[in-house]
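Step one of this worksheet: look at the structure below.
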Amino acid sequence: SRFLTLTLDKKTSSVSHDIKETWQVLKQSHENLLPSAPPNWAYFDIGFSQLPDASDLNTFFDFMRLANQTHIIIMASYHENYIESLAYIGMLKGMVQSLTKPYLTEEGNPFSPIWFTAQLNEMLSLHEKKPKFSFHLLLLTPKNNQCCFISCGFPSIIHLSAEKELPRFISNTNPLLGEDPHHEFYETTENFAQNDTLILHSFKGKPKTLEKKINTLIPNTIQLAAQSQADSLLNGLNLSIETKKTQSVLCIKRII
């Protein structure tokens, strides 16, 4: 009996070790699909913060500077959080790279957020499994002091203007990316001047509840550098909003 117990304990320990090792490999594979850190762009101070969760493999984000000196930021989340989501994140990254490749080298080729999102949506919709994503696409044009974004299934983007005391919560209504192959996407264009800040996050909940909490957190973070602001907002939201998924906060401060 004692021998049987010891044998079972060893088998249980071995299985537990194998599961932990497998998760580490999956987590590392996920991290390999993502930037190791936010970029160091001349016009912006960028901070990204995410709560670690060994079971979370469904998030994606990327940063690209185009040849015409505009900048793209993408945040996405696969609508399920299974192991298979890692494959779909890899697929999404490949699609994004394919669609943006010409804009990285051809300065006279203007980037269209609506065209890009529509193409990406069609590619996902035509896939046999029809994977769906919450999605933010943000186009920054510093020479025109403008930003343009398309949002699908994520909460409102927050705009802190140097000229206004209260933050603005701005959104456009689009379905999850990959849900409707015929959807005509809507974009929103905003002024984005020096000392302004844009905040993107993936927390879910009632919009009014989220906005109320964010309004209480922002005054204590507005003077912080982008990374410190993202960390502070992430911690504050995580403590006050019940969630079972890893969440993230991205802050973009216009510095010149």
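Values computed for the structure shown
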{"quantity": "Per residue, in Å², the accessible surface of the stretch 118-256 once ligands and nucleic acids are set aside, probe 1.4 Å", "calculated": "51 Å²"}
{"quantity": "From phi via Karplus (6.51, -1.76, 1.60), per-residue ³J(HN,Hα) for the stretch 106-116 in Hz, x at Gly/Pro", "calculated": "9, 5, x, 9, x, 8, 10, x, 5, 4, 4"}
{"quantity": "Estimated vicinal HN-Hα couplings, Hz - the stretch 212-220 in sequence order (Karplus 6.51, -1.76, 1.60; Gly, Pro = x)", "calculated": "5, 5, 4, 4, 7, 7, 4, x, 7"}
{"quantity": "Relative contact order (percent, whole number), the stretch 44-96, Cα cutoff 8 Å, 6+ residue spacing", "calculated": "32 percent"}
{"quantity": "With every protein chain in place, the stretch 126-231: carbon and sulfur % of accessible area (1.4 Å)", "calculated": "47 percent"}
{"quantity": "Semi-axes of the equivalent ellipsoid for the stretch 110-256, Cα gyration tensor, largest first, Å", "calculated": "27, 20, 12"}
{"quantity": "Cα-based convex hull, the stretch 159-234, per residue volume (Å³, whole number)", "calculated": "118 Å³"}
{"quantity": "Alpha-carbon centroid distance for the pair the stretch 124-176 / the stretch 80-99, whole angstrom", "calculated": "19 Å"}
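The values are calculated or read from the model by the stated rules, or taken from the named source; none is laboratory data. Not measured: the values here are computed from a predicted model. These accessible areas exclude ligands, DNA and RNA; they are computed on the full protein's heavy atoms, side chains included. Shrake-Rupley method; radii C 1.70, N 1.55, O 1.52, S 1.80 Å.
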